[in-house]
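A quick write-up on the structure given underneath.
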Amino acid sequence: MFQHNIKQANQLMRSAIPLMVKLDIPPTPYNYGIWYEYASNKNPKFNQVVDRALRRFGSLPAFVSQELFNEFLLPEEFQHAHRQGSVLKSLTTNLETDTSSISSELERFNGTLRTAKAALKNTSEPAQVEQVALLLERGAFKANQAIEKFSSALLSAQEELASLRSELLDVKKNTELDAMTLLANEKGFERSLFSLVPYAEDDLTLLLIDIDNLAEINHEYGNKAGTSLIRYVAKLLVELLPENGFIARLKGGRFAMLLSETELSVASQLAESIRNEVSIQKIRYKNTKVLLRQVTVSIGVATLFGDESPSELVERSQHYLLYAKRSGKNRIAHHE
Ligand SMILES: Nc1nc2c(ncn2[C@@H]2O[C@H](COP(=O)(O)OP(=O)(O)OP(=O)(O)O)[C@@H](O)[C@H]2O)c(=O)[nH]1
């Protein structure tokens, strides 16, 4: 990527910038990268994915740009590396190089000092003394240069580390994990959904899975038992999750399972087997050893089609989930 000369690069940036302005794309480094690549028209698959994302979102949401950038524009070896990890690695390598260059420069200067000392011992000739002084001056100048370079490298490393630390703090704060089940939470689900949508070709399916009558279960066995049940179902869903699946807990006893490259018919079969598997469990609440009455789930299934947006997909799954609940619960519902 980006292997153009300055003239070509300038031309491409001139076509990319009006596109960004027209589509109201924020001028982030990711977006510059993306629109530069888009304007170069070098990778038809990339342009296709961007076009599809634009149709679905109307613009490019920040994390979609980031995903596209990582997927298409980063060199292969960096794709899976965590940003912090790669920044730290390059910091360490730079500092190592600077450290070894300063040590060899100081070593050389030490040698110069030794030679100068020996020379001065054997002579008091003004011309020779002057030559030694010149040698020392040159050596000191070079050693000084190396020290200056090293301290400026240390300074910028320090700044870089401070900004990494604050980035890590942000990541911690904005965690996308549900503390109760250790699955992704609603925010994590949204991020996953938005990043999968640009690649979907009528084969991204969403299962909204909701525990039936959780309020009654709470009432009958106590809230703690209800919470324990949510954890139990979460574990079971993880066991049943296919390799290309992603699972999150949205709220209460409601889960979202995203299945990429899975058409409606296959996803419906999976939904049916999840429904059945939950309904045959014999669940005992471990604190009181009480066996709970039959636990069931209802599931709404929808597959993204055409230029549908992520929120339209979620709305359709909700619609089918509601339909399943109204039709008596412990069932799945989807588009005919
Ligand atoms: N124990 C427990 N209950 C929760 C938790 N989060 C939400 N709930 C309860 O889950 C219940 C969800 O109620 P509803 O949305 O009416 O759903 P439901 O009772 O499962 O009824 P249907 O969805 O129609 O089958 C409410 O009573 C909430 O208080 C939780 O973390 N633990």
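Some points to look at:
- Long pairs among 282/329; 235/286; 251/282, criterion Cα-Cα beyond 21 Å: 251/282
- Positive minus negative residues near residue 325 (Lys, Arg vs Asp, Glu; Cβ under 13 Å): +3
- Probe 1.4 Å, protein heavy atoms only - accessible area per residue of the range 178-244 in square angstrom: 48
- Mean sequence separation of contacting Cα pairs (under 8 Å, at least six apart), scaled by the length of the range 186-334, corresponds to a relative contact order of 31 percent.
- Packing-based ranking, highest mean first, of 128-140, 247-259, 220-232 given that Cβ atoms within 10 Å are counted: 247-259, 220-232, 128-140
The values are calculated or read from the model by the stated rules, or taken from the named source; none is laboratory data. On a predicted model such as this, the values are computed, not experimentally measured, just so you know. Counting neighbours? That spans all protein chains shown, and the Cβs are built from the backbone with ideal geometry, glycine included. With ligands, DNA and RNA removed, areas are computed over all heavy atoms of the protein, side chains included. Shrake-Rupley method; radii C 1.70, N 1.55, O 1.52, S 1.80 Å.
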